[in-house]
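Worksheet for the structure shown next.
Laboratory data are not the source of any read-out in this text; all were calculated from the coordinates shown. Nothing here was measured: the structure is a model prediction, and the numbers come from that model. Here Cβ is always computed from backbone atoms with ideal geometry, including for glycine, and neighbour counts include all displayed protein chains.
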Amino acid sequence: MSTELRRVGWIGTGVMGASMARHVLDAGHTLVVHTRTPARAAPLLEAGATWADTPASAADGADVVVSIVGYPDDVRATHLGPSGTLAADRLPRFLVDMTTSRPSLAAEIQAAARAKGVGAIDAPVSGGDVGARNATLSIMVGGDEADVDAVRPLLARLGGNVVRQGGPGAGQHTKMVNQILIASGMMGVCEGLLYAAAAGLDPSTVIASVGAGAAGSWSINHLGPRMIGRDFEPGFSVEHFLKDLGIALDEAARLGLALPGLALARQFYEAVRAQGHGRKGTQALLLALERLNGIG
């Protein structure tokens with residue numbers, strides 16, 4: 001265990017956050033937890049974590065505070081609000097926000113933290129619930145190099161691919177690239193599986209072939225079987241994916257880019273939400289395309 005980052009404050013125990021926090025606890029760190037729904041922290045508390053009533057309490061005296069919450073407004077309240085981490089009586093040494101959020105907000109948090117002598121990095125992740133459970137997440141990091149190096153041993157508990165992309169906000173920009181790639185790719189996964197079924201093929205056997213070739217991807221190999229099994233429970237929800245796609249489109253507009261594939265994918269995901277599947281996993285895109293084709 002790293003003696004440099006012994007006491008960890010953890011904020012957010014959702015589908016991914018709970019598994020990630022457990023890895024930190026199992027590694028022997030002292031863990032102090034705050035989450036919006038206290039019942040979700042119960043397994044961690046039973047395993048030895050301590051409860052905090054506010055983000056400021058979770059941050060009080062911590063070596064590092066990790067947040068993985070829902071939306072940019074949640075990130076802002078968690079770190080910059082009146083009960084946020086930077087309002088702690090004894091400030092933490094480092095803040096690590098692993099939420100997918102706005103690059104500009106990451107830079108704002110880093111500046112506010114630096115003004116108080118606290119290091120801050122943005123470190124969004126990819127790999128979904130499976131990656132969180134198996135500690136195989138890909139972690140995209142933005143921040144000052146010295147701060148990143150200091151928290152790298154902790155991040156290595158959560159994923160095997162920890163890459164610093166640049167200064168504050170660079171991790172979030174990289175996560176936008178990730179989500180742009182996934183958005184259009186998921187369209188292809190769903191359309192390919194619909195074609196396979198219509199052609200009378202066994203979709204599982206098809207995945208065995210195409211998943212090992214040039215068309216192979218995390219989505220076809222991990223979410224394709226869930227679609228075939230009609231498992232639409234979230235490893236990552238449609239609602240949160242739509243949040244990410246909105247950020248990506250806003251950033252693209254700011255950069256003067258036209259990304260029609262991203263815009264089209266977002267419209268289809270809006271249809272998924274309109275059909276009542278916003279809290280299902282991103283693989284629920286299949287349901288919208290089935291409906292478009294009069295299937296089911």
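Helices assigned as whole DSSP H runs in the chain whose Cα atoms extend at least 20 Å along their own long axis and whose mean Kyte-Doolittle hydropathy is -0.5 or higher are found at 170-198, 238-254. Once each of the trypsin sites (Lys or Arg not before Pro) sitting in a DSSP loop with at most 14 other beta-carbon atoms within 10 Å is removed, the chain keeps 117-229 as its longest stretch.
As a calculated quantity, the FRET efficiency between ALA146 and ARG7 at R0 = 25 Å, using C-beta atoms, amounts to about 0.80.
Placing one equal scatterer on every Cα of the chain and applying the Debye formula, the log10 ratio I(q)/I(0) at q = 0.08, 0.16 Å⁻¹ is -0.36, -1.24. Each Lys or Arg adds one and each Asp or Glu subtracts one; over the other residues with Cβ under 12 Å from the Cβ of ASP144, this totals -2. Under 20 Å from a label point set 7 Å out along the Cα-to-Cβ vector of ASP202, the amide N atoms of region 209-251 belong to 209-213, 220-231. Only Lys, Arg, Asp and Glu carry charge here, each on its Cβ (+1 for the first two, -1 for the last two); on that basis the chain has a dipole of about 140 debye about its Cα centre. As a length-normalised measure over Cα pairs under 8 Å and 6 or more apart, the relative contact order of region 173-292 settles at 35 percent. From most to least packed by mean Cβ count within 10 Å, the peptides 98-109, 197-208 give 98-109, 197-208.
Projecting label points 7 angstrom from Cα along Cα→Cβ for GLU233 and GLN275 puts them 2.1 nm apart. In this Cβ point-charge picture (+1 for Lys and Arg, -1 for Asp and Glu), region 3-65 has a dipole of about 160 debye about its Cα centre. Relative to the current alpha-carbon distance between ALA77 and ILE295, full extension at 0.36 nm per residue lengthens the span by 74.1 nm. Straight-line reach from LYS243: which aspartates and glutamates fall under 19 Å, measuring Cα to Cα and dropping same-chain residues less than 8 apart? Hits, sequence-local ones excluded: ASP73, ASP74, ASP97, ASP122, ASP129, GLU233, GLU251, GLU270. For the pair ASN134 and ASP89, what calculated FRET efficiency results from E = 1/(1 + (r/R0)^6), where r is the Cβ-Cβ distance and R0 = 41 Å, to the nearest 0.05? About 0.65, to the nearest 0.05. For LEU255 and TYR195, a Förster radius of 35 Å and the Cβ-Cβ distance give a FRET efficiency of 0.55, rounded to the nearest 0.05.
Per residue, the average separation of C-alpha pairs within less than 8 Å and at least 6 apart gives the chain a relative contact order of 13 percent.
Values of log10 I(q)/I(0) for region 140-296 across q = 0.10, 0.16, 0.19 Å⁻¹ run -0.43, -0.97, -1.19, by the Debye formula with one identical scatterer at each alpha carbon and no solvent.
Could you run the Debye sum over the Cα atoms of region 219-270, one equal point scatterer each and no solvent, and tell me log10 of I(q)/I(0) at q = 0.14, 0.31 Å⁻¹, two decimals? The computed values of log10 I(q)/I(0) come out as -0.46, -1.14. Short-range pairs are left out: with C-alpha atoms under 8 Å and at least six residues apart, the relative contact order of region 1-119 is 24 percent.
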